[in-house]
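Working notes, structure below.
The values are calculated or read from the model by the stated rules, or taken from the named source; none is laboratory data. The shown structure was predicted, so the numbers you read here are calculated from the model rather than taken from an experiment. All Cβ positions, glycine included, derive from the backbone under ideal geometry; neighbour counts span all protein chains shown. Each accessible area value is taken on the protein alone, full model and side chains, heavy atoms only, with ligands, DNA and RNA left out. Shrake-Rupley method; radii C 1.70, N 1.55, O 1.52, S 1.80 Å.
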Amino acid sequence: MKSLALNSAGLSPPEGRNVKRKAAEFRLVAAGLNLARVPVTKGETRRKSAMRLRSCLAGLALLLCGGAAQAAEECPAKSTAMEDVIAVLSAAPGCNRAMQLFEACAYGASGDVQFGDVVEKKCEADFGGRMKPPQTLSYQRELKACDRKYRDKSGTMYLSAAAFCRAKVAQRYSQRALKAGEAGR
């Protein structure tokens with residue numbers, strides 16, 4: 001009769017578990033500590049510890065990244081109006097500075113497409129007509145890859161991501177051209 005009462009109260013362990021495990025779970029439930037899942041085996045304890053460690057590491061990463069975000073440059077534009085940001089980007093002395101300003105002034109939405117165009121043009125001025133046809137094809141291919149990467153995504157943040165991707169490609173080609181120009185002197 002006692003085993004019937006235990007089974008109907010849900011105190012009997014699931015089928016396939018060992019006796020020690022059953023006894024440990026029964027003791028916890030009988031003591032009023034109805035814990036859903038208490039690690040009893042060493043393997044479960046290790047898994048729980050690993051999960052706690054991952055959580056701590058994720059929190060530490062957020063703290064570190066948050067500190068880096070605070071150290072990032074603020075947008076020097078008069079306001080967040082698109083015309084003001086475009087004016088600041090256009091006035092940048094070079095491609096790398098324009099990219100830094102783009103990162104500082106970005107909306108994170110579709111408005112970044114116009115900002116990215118300004119940065120692309122600024123960077124293309126460094127290598128514009130001096131590339132050979134294979135390099136030009138490679139550059140155009142990389143730009144198209146950025147467009148394809150985010151084409152099927154919905155949301156304006158993906159337009160921003162594509163604009164950043166394109167601007168970074170242009171910046172890379174600009175840096176290569178400037179480096180090759182310095183090596184040729």
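Output yes when any residue across segment 141-154 is among the aliphatic types (A, V, I, L, M), open to solvent by less than 50 Å² (accessible area, probe 1.4 Å) and assigned to a helix (DSSP H, G or I), and no when none is.
Yes, segment 141-154 contains a residue that is among the aliphatic types (A, V, I, L, M), open to solvent by less than 50 Å² (accessible area, probe 1.4 Å) and assigned to a helix (DSSP H, G or I).
Only one of 138, 154, 110 is free of Cβ contacts under 8 Å to residues at least 12 places away in the same chain and under 19 Å from the mean Cα position of the chain (by Cα); which?
Sole residue among the options that is free of Cβ contacts under 8 Å to residues at least 12 places away in the same chain and under 19 Å from the mean Cα position of the chain (by Cα): 154.
Conditions tested, residue by residue: (1) open to solvent by 60 Å² or more (accessible area, probe 1.4 Å); (2) of a type in the set (Phe, Trp, Tyr); (3) touching a helix residue (DSSP H, G or I) at 6+ places or on another chain (Cβ under 7 Å).
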residue	(1), (2), (3)
90	yes, no, yes
93	yes, no, no
98	no, no, yes
103	yes, no, no
135	yes, no, no
172	yes, no, no
180	yes, no, no
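Which residue is modelled with the highest pLDDT, if the candidates are limited to segment 129-140 and must be in a helix (DSSP H, G or I) and within 16 Å of residue 179 (Cβ to Cβ)?
Our first condition is that a residue be in a helix (DSSP H, G or I); within segment 129-140, this holds for 129-130, 133-140.
Keeping just the survivors that are within 16 Å of residue 179 (Cβ to Cβ) gives 130, 135, 139.
Values: 130: 83, 135: 92, 139: 95.
Restricting to residues being in a helix (DSSP H, G or I) and within 16 Å of residue 179 (Cβ to Cβ), the top hit is 139.
Which residues, counting only those in segment 105-117, are aromatic (Phe, Trp, Tyr) and buried (at least 20 other Cβ atoms within 10 Å of the Cβ)?
115
Looking at the structure I just gave you, is residue 108 within 17 Å of residue 168 (Cβ to Cβ), in contact with a helix residue (DSSP H, G or I) (Cβ under 7 Å, 6 or more places away or on another chain) and not in a helix (DSSP H, G or I)?
Criteria met by residue 108.
Counting only residues that are under 15 Å from residue 174 (Cβ atoms) and open to solvent by 40 Å² or more (accessible area, probe 1.4 Å), how many does segment 118-133 have?
Here is the first cut: in segment 118-133, the residues under 15 Å from residue 174 (Cβ atoms) are 118-131.
Subset that is open to solvent by 40 Å² or more (accessible area, probe 1.4 Å): 121-122, 124-125, 128-130.
So the answer is 7.
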